[in-house]
Amino acid sequence: MTTVLAIETSCDETAVAIVKERQVLSSVVSSQIELHRTYGGVVPELASRQHLETVNPAIAQALAESGLTWSQIDGIAATVAPGLVGALLVGAMAAKTLALLQEKPFLGVHHLEGHICASYLEQPRLQPPFLCLLVSGGHTSLIHVEAQGQYKTLGQTRDDAAGEAFDKVARLMDLGYPGGPVIDRLAQRGDPQAFKLPEGRISLPGGGYHPYDSSFSGLKTAMLRLTDRLKLDGDLPKADLSASFQVTVAKALTKRAIACAKDFSLKTIAVGGGVAANSGLRQLLTATAASQGIEVLFPPLGLCTDNAAMIACAAAEHLALGRTSSLKLSVQSRMPLEKVMELYG
Ligand code: KG4
Ligand code: ZN
């Protein structure tokens, strides 16, 4: 039985969780959204300062809610890459200090590996190989999960990430930040056929289109032109615009994920990242995959956006395989998923 306490502070959530054998015993997420809302995005210095204030109470709360004592915890983990360096440092230092004090192994975790492992918390029997569609504020990737810690990125975005596109389009309609959940809610009562929008295909030099890469900048520009024109006529039809935008993103992601799964003979697609919470994507991808004999897994709704349970889950998988990190491990703002194994040994 492997039980891990993990801390996640890579961006604007201070999160601490305890996971035992792919089961969440406690998950505390303290969001800084209100703090950053006035700036329309995350301010790194404010984020680090807030993490410092919140991290210790969050650790105490996660431990209390789990009902465990330190002696029942096998390892202590923290997100160490990628993310805001000052923010990552707070979580990593807290985890290393705890590891030293409690005499437990420390594990550094790659944030995106956490998003990939979030599906384990929904489906504890899931094992590699499978395809992960990772759609967050910073990434839109198709990843071949060959084994724990072994990843190959098969497709990615050439410009904006899916979540970033949701956020930027929401700003065009004055819907606030973060935009994904608001667009998702508005889209429920809009007409997805109201406006025809470009899906953003990547041309290949020899002709045809790249099967797995995506692009959302053209769609964003189309939305900008459309909203500018519609604003001249009066109030924006925000529900119809949201529904049309959302279905276009869902179609683009579904088409690429299914093509990739079929080409690599993968029978399972696990979706991860904040946009995995999107109802339009959930419906379209699940229905399309079912017609092709492919199973689709989404993390529990509350574990799509940043949280520490997914980080604890990833760390527990590595710890169960005998892997731990050095206390000298540093944090990194960028790091390809292909280098995850460099965090251990
Ligand atoms: O994974 P995440 O919490 O942070 C990153 O690691 O980037 O993803 C945040 C992103 C934001 O862009 C947010 O707008 C988007 O996920 N998001 C959604 C929904 N909920 C969150 N996008 C579409 N529909 C949603 N329901
Ligand atoms: Zn994330």
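The values are calculated or read from the model by the stated rules, or taken from the named source; none is laboratory data. All figures in this text were calculated on a predicted structure; none of them were measured in a lab. Glycine gets a Cβ as well: all are built from the backbone with ideal geometry, and neighbour counts include every protein chain shown. Surface areas here come from the heavy atoms of the whole protein model, side chains and all, with no ligands, DNA or RNA. Shrake-Rupley method; radii C 1.70, N 1.55, O 1.52, S 1.80 Å.
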Check your understanding: Expressed as an acute angle from 0 to 90° and rounded to the nearest 10, what is the orientation of the C-alpha long axis of helix 85-102 relative to the principal long axis of the chain?
Key -> 30
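With a ≥ b ≥ c the root eigenvalues of the C-alpha gyration tensor of the stretch 129-301, is it rounded (a/c under 1.5), prolate (a/b larger than b/c) or oblate? Intermediate values should be presented prior to the final figure.
Values: a/c = 2.00, a/b = 1.66, b/c = 1.21.
Prolate is the answer for the stretch 129-301, as a/c is 1.5 or above and a/b outweighs b/c.
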Point to revise | Area accessible to solvent at PHE106, 1.4 Å probe radius, in Å² | key: 10
Check your understanding: Got the relative contact order for the chain handy, in percent, Cα pairs under 8 Å and 6 or more residues apart?
Key -> 25
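Rg/Rh for the stretch 201-344 to two decimals, with Rh computed the Kirkwood way over all alpha-carbon pairs.
Details: Rg = 19.6 Å, Rh = 18.6 Å.
Rg divided by Rh gives 1.05.
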Revision key, fill the gap. Cysteines of the chain without any disulfide-compatible partner (other Cys Cβ under 4.7 Å) are CYS11, CYS132, CYS260, CYS304
Review point. Going down the table (LYS196/LYS231; LYS196/LYS220; LYS220/LYS251; LYS220/LYS339; LYS168/LYS231), which pairs top 23 Å between alpha carbons?
Key: LYS220/LYS339
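Given axes a ≥ b ≥ c from the Cα gyration tensor, I'd like to know whether the chain is rounded (a/c under 1.5), prolate (a/b larger than b/c) or oblate. Please list the in-between numbers first.
Working: a/c = 2.05, a/b = 1.48, b/c = 1.38.
Prolate.
Calculated FRET efficiency, GLU342 and ARG37, Cβ-Cβ r, R0 25 Å, to nearest 0.05? Can you show the working numbers first?
Values: r = 36 Å, r/R0 = 1.45.
Plugging the Cβ-Cβ distance into 1/(1 + (r/R0)^6) gives 0.10.
Using 0.36 nm per residue of separation minus the Cα-Cα distance, give me the extension gain between THR97 and VAL85 in nm, one decimal.
On the way: separation 12, 0.36 × 12 = 4.32 nm, distance 1.79 nm.
Contour length minus the Cα-Cα distance gives 2.5 nm.
What length, rounded to one decimal in nm, is gained on full extension from LEU232 through to LEU327, with 0.36 nm per residue of separation minus their alpha-carbon distance?
Details: separation 95, 0.36 × 95 = 34.20 nm, distance 5.88 nm.
Stretched out fully, the LEU232 to LEU327 stretch lengthens by 28.3 nm.
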Exercise for review: Quick one: which residues, 5+ away or cross-chain, put their amide H under 5 Å from the amide H of GLN156? H built at 1.01 Å from N.
Suggested key: LEU142, ASP213, SER214
**Study point:** Rounded to the nearest 10 Å², the accessible area of ASP228 at probe 1.4 Å
**Key:** 80
Practice item. Return the carbon/sulfur percentage of the accessible area of the chain, one whole number, probe 1.4 Å, all protein chains in place. Key: 53
Exercise for review: Can you tell me how much longer the chain between GLN23 and GLU53 gets when fully stretched, taken as 0.36 nm per residue apart minus their C-alpha distance, in nm with one decimal?
Suggested key: 8.0 nm
